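The values are calculated or read from the model by the stated rules, or taken from the named source; none is laboratory data. The model shown is predicted, which means the values in this text are computed figures rather than measured ones. Don't worry about glycine lacking a Cβ; one is built from the backbone with ideal geometry, like all the others, and counts go over all protein chains shown. These area figures cover heavy atoms from the full protein model, side chains too; ligands, DNA and RNA do not enter into them. Shrake-Rupley method; radii C 1.70, N 1.55, O 1.52, S 1.80 Å.
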Amino acid sequence: MDKQKICSFYISEFHLLTILLPYINEKIIEKRKIAVILQKDISENVESYLKNVRNLNLNNEKIINIGWKKSNEKNIENLEGKDVVVIGNKEYIETVNEQIENIDVKEILNCYKVNEIERIDKILSNHQKVLNTEGTRESKNFSQNAQKRKTIKTQI
């Protein structure tokens, strides 16, 4: 199965939602099916975020209805044809990715908390794209050398 793998890195749950919810809203507009696989319940944070951040023009009801509670085995069974978002620590994400490896999902977005990972470059090498607040980009554009070149060019 050749599925698109995207990764994202976040500092806090608020930061995660700032990155993730516009991406999910875009998928809703495209009429794509979305599933969120979570290591822990973040439903209250999602509702609070949608209530307090008003200038994003998101489809709040559909976003909330995706389901933001801690996932179980049943959540992993019904993923066929969906875009899947996985949120948890590195081990949890790897386990879920192994479980869904043979399921025909369209896209997998793995969301990593920055302070829980050691080597971002290893994660980048296993994903085609990176999602951040500006949208998705090719993961090769996020190498340390590419970042150094950009920094040097802006200082000249």
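Here the chain has 45 percent of its accessible surface on carbon and sulfur atoms, given a 1.4 Å probe and all protein chains in place.
When the pairs Lys40/Lys113; Lys31/Lys62; Lys33/Lys69; Lys82/Lys113; Lys90/Lys122; Lys27/Lys62 are compared against a 19 Å limit on Cα-Cα distance, Lys82/Lys113 fall above it. Using only side-chain charges placed at the Cβ, +1 for Lys and Arg and -1 for Asp and Glu, the dipole size of the chain relative to its Cα centre rounds to 680 debye.
Taking the C-alpha atoms only, the angle from helix 43-52 to the longest principal axis of the chain is near 70 degrees.
If you take every DSSP beta bridge whose two residues both sit in the chain, what share of them, in percent to the nearest 5, is antiparallel?
Antiparallel bridges: around 15 percent, rounded to the nearest 5.
When every alpha-carbon pair in segment 47-97 is counted, what percent end up more than 17 Å apart? In whole percent, the long-distance tail amounts to 49. Among Leu56, Leu17, Leu38, the largest mean-square fluctuation in a Gaussian network model of the chain, built with springs joining Cα atoms closer than 10 Å, belongs to Leu56. If R0 is taken as 25 Å, the Cβ-Cβ distance between Asn65 and Lys5 corresponds to a FRET efficiency of 0.50. In the elastic network of the chain, a GNM with C-alpha springs shorter than 10 Å, the most mobile of Lys122, Lys27, Lys69 is Lys122.
Using Cα pairs under 8 angstrom and six or more residues apart, how large is the relative contact order of the chain, in percent?
34 percent
Once the 1.4 Å probe is applied to the protein heavy atoms, segment 1-148 comes out at 60 Å² accessible per residue.
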